[in-house]
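Here the structure is laid out as structure tokens; the discussion comes afterwards.
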Amino acid sequence: MTRIVAISNRTAGEAASRAGGLAVAVWEALKASGGSWIGWSGDTVEEQPRGATTFNDEGVEFVLTDLTQEEFNGYYITYANRNIWPIFHYRVDLAHFDSEAFDAYAGVNQRIARLARPRIKDGDVVWVHDYHFLLLGDCLRREGWRGPIGFFLHIPFPAPEIFRALPEHAQIARAMCEYDVIGFQTERDTSNFIRYLTEDHGAAELGEGRVKVLNRTLTIKTYPIGIDAEDFAELAVSEKAQDAATRIGRFLGGRSFAIGVDRIDYSKGLPERFEAVGKLFDAHPDVRGALSVTQIAPPSRSKVEEYQELRLQLDQLAGRINGDYGDLDWIPLRYLARSFDRAELAGLFRIAQVGLVTPLRDGMNLVAKEFVMAQDEADPGVLILSEFAGSAERLRGAIVVNPHNAAAVAEAMHYALTMPLDQRVERWRELRETIVAEDIDWWRGNFLNDLTRAPEAA
Ligand code: ADP
């Protein structure tokens, strides 16, 4: 079996952090094939570390490096999260262009490549993840590695017109062409990137995902990421899940229940969602007192200014809606700014009549898939899904909405709440079938299959 060297900003070095879909997928692949997982330790230090912390777990070697405070600010906070993240989520207005931060970003990519190089052996494949490491393939070539390197982008890839707003777009794209396989979440992302390469770098498509560009031939394809579908369904009936459902049941007192679960991030469309909830209560007196909406939203990247502002905005909006519509014994919109255990989330999903997944832009959105897998076949809830979530490309059984249109989202919620059982079951079966067929193992297998065949294809 081909050994894998995985590189991502955060790794699953601690067993507790292996709960998420991606961490599980990479971990399972590494355990099966053997190999190394290289990334940031999560700690910052004053002086640049000379080496790295290494340890072995079930035959997988972890190689983790600290970042200096300067690297953390330039590479992580500024370039990754205030340049690439907003641009790739179509938010040119929120980008803080900063060429010094790009230098820091390139520097960390090179340092990680140098750390990785001695660990890569002939016959290995290298699998790089996400927007923190767009340049890593090129950096590894500079370190002399000629073998297969794959890259998977977990976030969207924007339309070329938006990507070109990033001052370093050409440099980034040229570096990306050093990968052998580039994977995107949706057909839209893949075609955006290919169109950009065609218009700006003279790329030619050869068929079956093969693209010739800048004197190289690479595979550029869509691999929609999945979840550990069956495991999540089991989690939703676990004791912990049932306890969470019982606890929220006491609060609901027999009312209908709609749930949203997202990190606090401007891409998630939370203020727009809150507006839609207000519109629902405004336009439909029948749901007043009969529905409680709970939004679970743990703060993320609290060091980034835009995120602090968003938090304030959400506090205000929730306060206003509850002030306008709430009653002595009813809170219309509850907003819990903290994390919950996966099993608890699964339990809450299971008893919800409506799942609200309305990002303004999202690479895939795994919550949509988790919500579906947690449902009770005899009485499934309805998924309301933004057309701008990557998952909407495949999840046809959802009610698909434009998250900017608050009135339409409010109507979709009302429609979901009044949908007859047979229609809910039909939609749910269709959703479940896709999510089970295209689960995390399917995703990993497809990507690694193309990556291990990359040398033949070339
Ligand atoms: P993103 O990667 O942008 O945060 P996704 O929806 O693709 O969005 O993935 C989020 C993951 O984090 C899901 O597996 C979800 O269950 C989990 N998650 C989100 N919010 C919470 C929370 N409050 N507590 C625990 N897990 C959460």
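A short reminder: the numbers here are calculations on the coordinates, not readings from a lab. The structure displayed is predicted, hence computed values, not measured ones. No Cβ is skipped: glycine too gets one built from the backbone with ideal geometry, and neighbour counts run over all protein chains shown.
Quick one: if the Förster radius is 30 Å, what FRET efficiency do residue 217 and residue 46 give, using the C-beta to C-beta distance and rounding to 0.05?
0.10
Based on the inverse mean of 1/r over its pairs of different Cα atoms, what is the Kirkwood hydrodynamic radius of the chain, in Å? Could the numbers behind the result be given before it?
Values: mean 1/r = 0.0433 Å⁻¹.
Mean inverse Cα-Cα distance, inverted, gives 23.1 Å.
Rounded to the nearest 20 debye, what is the charge dipole size of the chain about its Cα centre when +1 sits on each Lys and Arg Cβ and -1 on each Asp and Glu Cβ?
Taking the Cα centre of the chain as origin, the dipole is about 420 debye.
Tell me, how many Å apart are the Cα centres for region 319-384 and for region 406-458?
18 Å
Search the structure for amide H atoms under 5 Å from the amide H of residue 57, placed 1.01 Å from N in the peptide plane, and list their residues when 5 or more places away or on another chain.
Those lying under 5 Å, H to H, from residue 57 are 62.
For region 229-437, what is the charge dipole size about the Cα centre, in debye to the nearest 20, if Lys and Arg each add +1 at the Cβ and Asp and Glu each add -1 at the Cβ? Walk me through the numbers before you get to the answer.
Values: 25 positive and 32 negative charges, 59 e Å.
The dipole of region 229-437 has a size of about 280 debye.
Tell me, what HN-Hα J-couplings in whole Hz come from the Karplus equation 6.51 cos²θ - 1.76 cosθ + 1.60 at θ = phi - 60° for each residue of region 428-445, using x for Gly and Pro?
5, 4, 5, 4, 4, 4, 5, 5, 6, 5, 10, 8, 5, 5, 4, 4, 4, x
For residue 303 and residue 240 in the same chain, what is the full-extension length gain: residue separation times 0.36 nm, less their Cα-Cα distance, in nm?
Gain in length upon complete extension: 19.4 nm.
How much FRET efficiency would the formula 1/(1 + (r/R0)^6) give for residue 378 and residue 204, where r is the Cβ-Cβ distance and R0 is 56 Å, rounded to 0.05?
So, using R0 = 56 Å, E works out to roughly 0.60.
Choose one of 87, 22, 144: the residue whose Cα lies farthest towards the positive end of the charge dipole of region 1-150 (beta-carbon charges +1 Lys, Arg; -1 Asp, Glu; about the Cα centre).
Sorting the options by dipole projection puts first 144.
Could you estimate the translational diffusion coefficient of region 216-274 from the Stokes-Einstein equation, with Rh from the Kirkwood formula over C-alpha pairs, at 25 °C and 0.890 mPa s, in whole µm²/s?
Result for D is 157 µm²/s.
Report ³J(HN,Hα) in whole Hz for each residue of region 135-145, in order, from the Karplus equation J = 6.51 cos²θ - 1.76 cosθ + 1.60 where θ = phi - 60°; Gly and Pro get x.
Couplings: 9, 5, x, 4, 4, 5, 4, 4, 7, x, 7 Hz.
How far is it, in nm, from the label point at residue 164 to the one at residue 28 when both lie 7 Å from their Cα along the line to the Cβ?
In this crude spin-label approximation the distance works out to 4.2 nm.
Report, in whole Å, the centroid distance computed from the Cα atoms of region 215-253 and region 58-106.
Distance between centres, Cα-based: 28 Å.
How long is the gain from residue 441 to residue 453 if the chain were fully straight, where each residue apart is worth 0.36 nm and the alpha carbon distance is subtracted?
Extending this stretch completely gives an extra 2.5 nm.
Could you list which residues have their amide H under 5 Å from that of residue 6, counting only those 5 or more apart in sequence or on another chain, with H placed in the peptide plane?
The list, which skips near neighbours in sequence, is 36, 37, 38, 127.
Just to be sure I understand the model, the point goes 7 Å from the Cα along the line to the Cβ. What's the resulting residue 328 to residue 316 distance in nm?
Rounded to a tenth, the inter-label distance reads 3.2 nm.
Taking square-rooted eigenvalues a ≥ b ≥ c of the alpha carbon gyration tensor, is region 229-437 rounded, prolate or oblate, where a/c under 1.5 means rounded and, failing that, a/b exceeding b/c means prolate?
Rounded, since a/c falls under 1.5.
Which of the listed residues, 398, 287, 335, is farthest toward the dipole's positive end in the chain, when Lys, Arg count +1 and Asp, Glu count -1 at the beta-carbon?
Checking the options against the dipole of the chain, the answer is 398.
What FRET efficiency comes out for the pair residue 400/residue 56, r = Cβ-Cβ distance, R0 = 45 Å, nearest 0.05?
For residue 400 and residue 56, the calculated efficiency is 0.45.
Under 5 Å between amide H atoms, partner at least 5 residues away or on a different chain: which partners does residue 292 have, H built in plane at 1.01 Å?
256, 257, 258
Across region 215-231, in residue order, what do the Karplus-derived ³J(HN,Hα) couplings come to in whole Hz, using 6.51 cos²θ - 1.76 cosθ + 1.60 with θ = phi - 60° and x for Gly and Pro?
Values per residue, Gly and Pro as x: 6, 9, 10, 10, 9, 10, 9, 9, 10, x, 6, x, 10, 7, 4, 5, 4 Hz.
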